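In what follows, a single structure is set out as structure tokens and then discussed.
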Amino acid sequence: MSETLRFWLERIMTVEFWVEALSAFKDLGPLAPICLALVESLIPALPLVAIVTINISAHGAILGFLYSWIGTTLGSLIVFLFFRRLVKHRLMPWFSRSTSIQKALNWVAGRNAAVLFILVAMPFTPSSFINIAFGLSDFEESKFIKTLIAAKLIMMFGLSVFGKTLSISFTRPVYLILAVGILAVLYCVSVHFRKKHGL
């Protein structure tokens, strides 16, 4: 039983599993790629860059971008609202004993909407930490949601450019250099802002 469970846990952490799942549910239309991007917010180990590239390759630049944006935004909102509406109001006395939670809340206390926007827009920021920490904090809910929607739009645009460039590189190898360059720039900018804001 434990071996079977471990096998499936390892399987769902691979990109291949989700590529197969996307192919199996292609008749569902937009629902499959949206759910694929949504699941990344619930399982942080899944690589968002790969998921966006899969959606771009399967549905084209515009639809792949829209499906990825909708999915990752919905996923982040689900996590945020779960911790804001359920955990914070019902389980916070238990969670408040954790030093990690206290550190996260202290970190959020020194952040405004502009900082939140920049961090969320960076593709290598740990989105699960952002969603949970702000969900448990006193940060204004409507401001978080508006900032999240706008920042995810910017992030998905950058990842979509990378995904489109990477998909073109399969037929035009020279574009692989451009794709790697785009990813490197996104990574370096993300690391810079994470260090700057102590994340």
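Taking a threshold of 24 Å on the Cα-Cα distance, which of the pairs Lys103/Lys143; Lys164/Lys195; Lys164/Lys196 fall above it? Don't skip to the answer; put the middle values down first.
Values: Lys103/Lys143 22 Å; Lys164/Lys195 29 Å; Lys164/Lys196 30 Å.
In this structure, Lys164/Lys195; Lys164/Lys196 exceed 24 Å between Cα atoms.
Can you list which of the trypsin sites (Lys or Arg not before Pro) found in the range 62-150 are DSSP loop residues with at most 10 other C-beta atoms within 10 Å?
Those satisfying the criteria are Arg97.
Tell me, what is the 1.4 Å probe accessible area of Phe129, in Å² to the nearest 10?
70 Å²
Would you kindly find the accessible area of Cys188, with a 1.4 Å probe and non-protein molecules such as ligands, DNA and RNA excluded, rounding to the nearest 10 Å²?
80 Å²
State, to one decimal in nm, how far the label point of Thr99 lies from the label point of Cys188, with both points 7 Å from Cα in the Cβ direction.
3.7 nm
Figure the gain on full extension for Leu153 and Asp138 (residue separation times 0.36 nm, minus the Cα-Cα span) and round it to one decimal in nm. Don't skip to the end; give the middle numbers.
Working: separation 15, 0.36 × 15 = 5.40 nm, distance 2.44 nm.
Going from the current span to full extension adds 3.0 nm.
The values are calculated or read from the model by the stated rules, or taken from the named source; none is laboratory data. Everything numeric here is computed off the predicted structure, so don't read it as measured data. When we count neighbours, we look across all protein chains shown, and the Cβ atoms used for this are built from the backbone with ideal geometry, even at glycine. Heavy atoms of the whole protein, side chains included, go into the accessibility calculation; ligands, DNA and RNA do not. Shrake-Rupley method; radii C 1.70, N 1.55, O 1.52, S 1.80 Å.
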